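The values are calculated or read from the model by the stated rules, or taken from the named source; none is laboratory data. Since this is a predicted model, take the numbers as computed values, not measurements. Glycine gets a Cβ as well: all are built from the backbone with ideal geometry, and neighbour counts include every protein chain shown.
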Amino acid sequence: MKLRFAAAVAAAMMAAGPAMADLLVPHLSYRTGPYAGNGNQYADGFNDYFTLINERDGGIGGEKILTPECETAYNTEKGVECYEANKSEAALLYNPMSTGITYQLIPKVAADEKVLYTPGYGRTSAKNGDVFKWVFNAPANYWDGASVAIKYLLDENGGSLEGKKIALIYHNSAYGKEPIRTLQDLSEKHGFTLTELPVDPPGQEQKSQWLQIRREKPDYVIMWGWGVMNQAAIQEAANIRFPMENFIGIWWSGGEVDVQPAGAAADGYKSLTFNGVGTDYPFYDDLKTHVIDPGKASGGGQFVGSAVYSRGVYAALIIGEAISKAQELAGTPQINAAQLRDGFEALDISEERMAELGLPGFGQPIQLSCENHGGAGMARLQQWDADTGTWSLITDFIQPDAEVLDPLIAEDSAAYAAEAGITPRCG
Amino acid sequence: MIYREAGDFKASYRADGQTFPLRLDRTAYWALLAVAFLVVPFVITDYWATSVLVPFLIYAIAALGLNILVGYTGQVSLGTGGFMAVGAYATYKLTTMFPDVSILIHVVLAGGVTALVGMLFGLPSLRIKGFYLAVSTLAAQFFLIWLFNKVPWFYNYSASGQITMPERTVFGVLVTGPSTSAPAKYLVCLGFAVILAWLARNLTRGTSGRKWMAIRDMDIAAEIIGVNPLTAKLTSFAVSSFMIGIAGALFFAVYLGAAEASESFGINKSFLILFMVIIGGLGSVFGSFAGAAFMVLLPVLLKNVLVGGMGWPTDLAAHIELMIVGALIVFFLIVEPHGLAQLWRLTKEKLRLWPFPH
């Protein structure tokens, strides 16, 4: 058994070793388990973007991008196994798509000098590049999300949330707990009361939480859910006839699979998003010609254009842009992880550049620096229309409340710096 | 022919009562230890340490602990995940409160804390048995996880409720934290595994082990012949929880480096370790190791063969892997209900007669 195992691992390592001329971005995905419904779509979007770049442009700077997948099932132990299995010299960047795995990897990537890119998830204070040298979380993070949601509600209520009741229903994990601190500060600032309702993962069982919502009658419910928890929550909200337009999910609770099971009852449900949705962009014409029609689409192309798929595309796009920036700075197409990190810090994606990529207005302009690894952190709201089965964008990009967020980020990253013995490096 | 007892004479009770009565077994045992301590640390890679050997050793310790309770004393427990969490959180609190004390001492102390908690939750076992006890330990599982999520003191008020292990050294060598070398991680876990296995083996063949087994086989009869069920059951809970606590401490400190209660120590962990004990063999030290190897190494092996070797899509491979492991569990339990340890015992019996069976 031991021998066969050794042989198998050796074979696996040989098989996984990329040709030297390619750039390697190990793809930690999950297509099984309670989060597969969303994980599948994200992984497909991520793969398809790079397939398009490889097929249409022959890669970035002439280098093909390889994204070998490794199944994590949203499980930290498997995530760590995947990280170690793919940790070769050539590996540039990890995008584990799980806040739990991100927390495992933050110290590891600093020791191994790999880039960790966590768009819209992970540890919020990683925005502070002064402390988190190898971690990037642009275009937006959870505290941005919380703040944008509250700002939107302020707008709805003529600028005041005084005396309102807001309930936060969250995945009881590192992911779901991220926004609590921000929401607590915001509730003090704006005078609303916050009720926290944890849902134990994976989250099918949330009867008691919704019973409490029914009893306390909050004005608004904000949700930090993922996987089956989203579907269950929207179904429960429909069951107690909670007004859907007062129910706002984070961007990870804003996929088609989340609302479809509730049918017509989900009509009017809102969620945050930091990217455009649908296939109404010139990008998708190219995708059709080069990826979908030749049958190269990941997972058969069944989720093309869905909300979570679009987020996968967006993540890949930002990574692609960072790679090309890094190549430009390093003067060579064959970059390493440290050069990619420099590329990220010099990243500048303007609206014009998004239009050039065939995705005009798809995302916000992103400008990163040594201190700022998180971008502007803007987000917008989308609303579900159950009749047409589409998301429509109902606001423009909303700027989060820096006055509340900046001190929180400074405090949390300082705590991490003290814990891990990091001295700020940008100053 | 090769594996035989002929010529292996015992001249004292001590020699007759040793763990490995056959000379060949003894040689193999010492050779295995020599390889594990003297060869493996020099050839081990990061991948082998982090993904294969360290989890194997840690799960083996946990299975060993649970085996004492379930296999030797006959008290079914579903609280293993919760007790591992106690070990992990105790280590975290101790090492952040007293950073200057050696992490090895903290790990042992964390085992002690878990032993106390285990005894507390073991009290109902004096009144309830079997499935009812399983349900009450299930309550321990849920209560402990809830507690570690609910009370911020346990995770030092961190924003996400995660606990993160700071860097700690033993004799100047880093054993926790991201920069730890593969041999250091491996040796710490191996050291604990060997010492605890030795402890378990010697406890179970001494007075306390015999008391536990008497309780397991028939508690009323045991009481009549003078076994005190209170002390027997509580010592069993204490020893078992002590080992599980150490496994939890190593799981968090050495293996993962960061953990959250519901994800790392949920009910799934309790079941996983119970499966290891059942598949490995109830009431067997070797079985704990075999069960852990089966449940930890087989999925990694299958993944490497299916995805790495044969190039299958990852989701298909993950599903097939679940099916293969599941089918093998059923197969083993039908063919040999007493687990891998019994299979190993039978193999040895047959080898003794080979090549001339009656």
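Quick look at the numbers
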quantity	calculated
Subset of the range A:46-63 (residues that are on the phi > 0 side of the Ramachandran plot and either in a helix (DSSP H, G or I) or touching a residue at least 24 places away in the same chain (Cβ under 8 Å) (or both))	A:G59, A:G61, A:G62
The lone exception for A:G305 - which of (1) out of contact with any Phe, Trp or Tyr (no Cβ under 7 Å at 6 or more places or on another chain); (2) over 30 Å from A:I409 (Cβ atoms) it fails	(1)
B:L297 surrounded by fewer than 22 Cβ atoms within 10 Å (Cβ to Cβ), over 16 Å from the mean Cα position of the chain (by Cα) and either of a type in the set (S, T, N, Q) or more than 16 Å from A:N75 (Cβ to Cβ) (or both)	no
Any hit, the range A:154-169, residues being within 11 Å of chain B (Cβ to nearest Cβ), within 21 Å of the chain's Cα centre (by Cα) and crowded, with 24+ Cβ neighbours inside 10 Å	no
Matching residues, the range B:140-174, being small (G, A, S), assigned to a loop (DSSP other than H, G, I, E, B) and over 15 Å from A:G176 (Cα atoms)	B:G172
Unmet requirement for A:R181, which otherwise passes all of (1) closer than 17 Å to A:G39 by Cβ; (2) out of contact with any helix residue (DSSP H, G or I) (no Cβ under 6 Å at 6 or more places or on another chain)	(1)
Unique match (being within 13 Å of chain B (Cβ to nearest Cβ) and modelled with pLDDT of 90 or more) among A:I150, A:I65, A:I101, A:I60	A:I101
Residues located in the range B:246-265, provided they are farther than 24 Å from B:P183 by Cα, at pLDDT below 90 and not in a helix (DSSP H, G or I)	B:E260
Complete set of residues in the range A:244-270 that are in contact with a helix residue (DSSP H, G or I) (Cβ under 6 Å, 6 or more places away or on another chain) and either aromatic (F, W, Y) or free of Cβ contacts under 8 Å to residues at least 12 places away in the same chain (or both)	A:F247, A:Y269
Single unsatisfied condition, A:K87 versus (1) part of a helix (DSSP H, G or I); (2) within 14 Å of chain B (Cβ to nearest Cβ)	(1)
Residue within the range B:303-319 that is part of a helix (DSSP H, G or I), more than 7 Å from chain A (Cβ to nearest Cβ) and among the polar types (S, T, N, Q) present	no
Helices (runs of 4 or more DSSP H) lying entirely in the range B:40-120 (those with 3 or more residues that are surrounded by fewer than 20 Cβ atoms within 10 Å (Cβ to Cβ))	B:40-43, B:80-97
Residue pairs meeting the criteria (Cβ under 9 Å; at least 6 apart or on separate chains; first under 21 Å from B:F121 (Cα atoms), in the range B:222-235; second part of a loop (DSSP other than H, G, I, E, B) and among the basic types (K, R))	none
Looking only at the range A:47-57, and only at residues there that are charged (D, E, K, R) and touching a His at 6+ places or on another chain (Cβ under 6 Å), the one that is nearest to the other protein chains (Cβ to nearest Cβ)	A:E55
Selection from the range B:58-84 of residues that are more than 14 Å from every other protein chain (Cβ to nearest Cβ) and of a type in the set (A, V, I, L, M, F, W, C)	B:A60, B:I61, B:A63, B:L64, B:L66, B:I68, B:L69, B:V70, B:V76, B:L78, B:F83
Residues being more than 11 Å from chain A (Cβ to nearest Cβ) and among the aromatic types (F, W, Y) - total across the range B:34-55	2
Selection count, the range A:104-117, where residues are more than 7 Å from every other protein chain (Cβ to nearest Cβ) and under 24 Å from B:L174 (Cβ atoms)	8
Some residue of the range A:68-82 being more than 12 Å from chain B (Cβ to nearest Cβ), farther than 17 Å from B:M165 by Cβ and among the aliphatic types (A, V, I, L, M)	no
Selection within the range B:266-288 - in a helix (DSSP H, G or I) and within 13 Å of chain A (Cβ to nearest Cβ)	B:I267, B:N268, B:K269, B:L272
Residue in the range A:354-362 that is in a helix (DSSP H, G or I) and in contact with a strand residue (DSSP E or B) (Cβ under 9 Å, 6 or more places away or on another chain) present	no
Hits in the range A:246-257 - residues which are under 21 Å from A:P179 (Cα atoms) and either among the acidic types (D, E) or within 20 Å of the chain's Cα centre (by Cα) (or both)	A:I248, A:G249, A:I250, A:W251, A:W252, A:S253, A:G254, A:G255
Among the candidates B:A259, B:A292, residue that is more than 13 Å from chain A (Cβ to nearest Cβ) and crowded, with 24+ Cβ neighbours inside 10 Å	B:A292
Conditions (1) in contact (Cβ under 8 Å) with a residue 24 or more places away in the chain; (2) within 16 Å of B:V188 (Cα to Cα): number failed by B:N67	(2)
Some residue of the range A:369-381 being part of a helix (DSSP H, G or I) and either at pLDDT below 95 or surrounded by 16 or more Cβ atoms within 10 Å (Cβ to Cβ) (or both)	no
Output for the range B:203-216, where each listed residue is over 12 Å from B:V70 (Cα atoms) and either modelled with pLDDT of 95 or more or assigned to a helix (DSSP H, G or I) (or both)	B:L203, B:T204, B:T207, B:S208, B:G209, B:R210, B:K211, B:A214
Count of the range A:215-248 residues which are more than 29 Å from A:A36 (Cβ to Cβ) and among the β-branched types (V, I, T)	0
Residue within the range A:36-46 that is hydrophobic (A, V, I, L, M, F, W, C) and facing chain B (nearest Cβ under 10 Å) present	yes
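A quick yes/no check of all residues on (1) aromatic (F, W, Y); (2) in contact with an Asp or Glu (Cβ under 9 Å, 6 or more places away or on another chain):
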position	(1), (2)
A:E84	no, yes
A:A111	no, no
A:Y117	yes, no
A:N141	no, yes
A:K177	no, yes
